[in-house]
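Single-structure report; data block below.
Readers should treat all values here as calculations from the given coordinates under stated rules, not as data from a laboratory. Keep in mind that what you see is a predicted model, and the values were worked out from it rather than measured. Cβ atoms come from the backbone with ideal geometry, glycine included; neighbour counts cover every protein chain shown.
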Amino acid sequence: MNYQETAKGILSQVGGTGNITFMTNCATRLRLNFKDESKVDLEAVKKVPGVVGAVKKGGQYQII
């Protein structure tokens, strides 16, 4: 798995680094908050190679 390509793919589907207001992670998830949620294409994020799933929960986007 190419983690750099996965990261680039995710960033391209969430509006880039400038759209991220908060980011953290746990053992299984990348947790993100955004300035403009209309720039986020959650279905496209799910199709990025290396991404197992993605959900919006409690106002936060979680990428598995």
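Taking the convex hull of the alpha carbon positions in the chain and averaging its projected area over all directions gives 4.0 nm².
For the pair PHE22 and GLN60, label points projected 7 Å from Cα toward Cβ lie 0.7 nm apart. Taking packing as the residue-averaged number of other Cβ atoms within 10 angstrom, the listed peptides 4-14, 34-44 run from highest to lowest as 4-14, 34-44.
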